[in-house]
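A short worksheet on the structure shown next.
The values are calculated or read from the model by the stated rules, or taken from the named source; none is laboratory data. Keep in mind the model is a prediction, meaning the values are calculated, not measured. In this analysis, Cβ positions are derived from the backbone assuming ideal geometry, glycine residues included, and neighbour counts consider all displayed protein chains. Just so you know, the surface numbers come from the protein's heavy atoms only, side chains and all, with ligands and any DNA or RNA stripped out. Shrake-Rupley method; radii C 1.70, N 1.55, O 1.52, S 1.80 Å.
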Amino acid sequence: VVGIESLLYNMVSRTRDLSDLAKALARYIEIVEFDNSQGADTILLRFERALVERFGSSRIEIRTTEDGHNTPHFHFVGPDIDASFTIEECELLAGEVDRRTLRKIRRFYFENGGRERLIHFWAATRNS
């Protein structure tokens, strides 16, 4: 499992400028606002989603701007699917998924270090 710090370090070391860095970050987060008008050495990013894992045309993501959610959770988003699950136990909170998709989500969560990654991403995307 690659930590966020390692991922960012590798990204920064491979980019030529802030614009390249923003493009590299866009693979993992949906950038809503990019502003480097403060100067060449300053970058302000605001994002709404952090990509945790991709499965073809589907993805697991943490949304950073949802209000009113106290339970740490993640979303599985794909064609005709938007379901949320608790990070603590991988229990379905909202939405519907078929059995095959549910097995895929649980395999990621229980067998591939997914739970630890989700906890890390959740904490990294919160202000507190």
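Couple of notes before you dig in:
- Selection within region 108-128 - open to solvent by less than 90 Å² (accessible area, probe 1.4 Å) and part of a helix (DSSP H, G or I): 108, 109, 114, 115, 117, 118, 119, 120, 121, 122, 123, 124
- Tally of residues being out of contact with any Pro (no Cβ under 9 Å at 6 or more places or on another chain) and surrounded by 14 or more Cβ atoms within 10 Å (Cβ to Cβ) across region 76-102: 12
- Condition check for residue 105: β-branched (Val, Ile, Thr), outside any helix (DSSP H, G or I), open to solvent by less than 40 Å² (accessible area, probe 1.4 Å) and modelled with pLDDT of 80 or more: no
- Residues (assigned to a loop (DSSP other than H, G, I, E, B) and either at pLDDT 85 or above or out of contact with any Phe, Trp or Tyr (no Cβ under 8 Å at 6 or more places or on another chain) (or both)) located in region 42-78: 42, 56, 57, 65, 66, 67, 68, 69, 70, 71, 72
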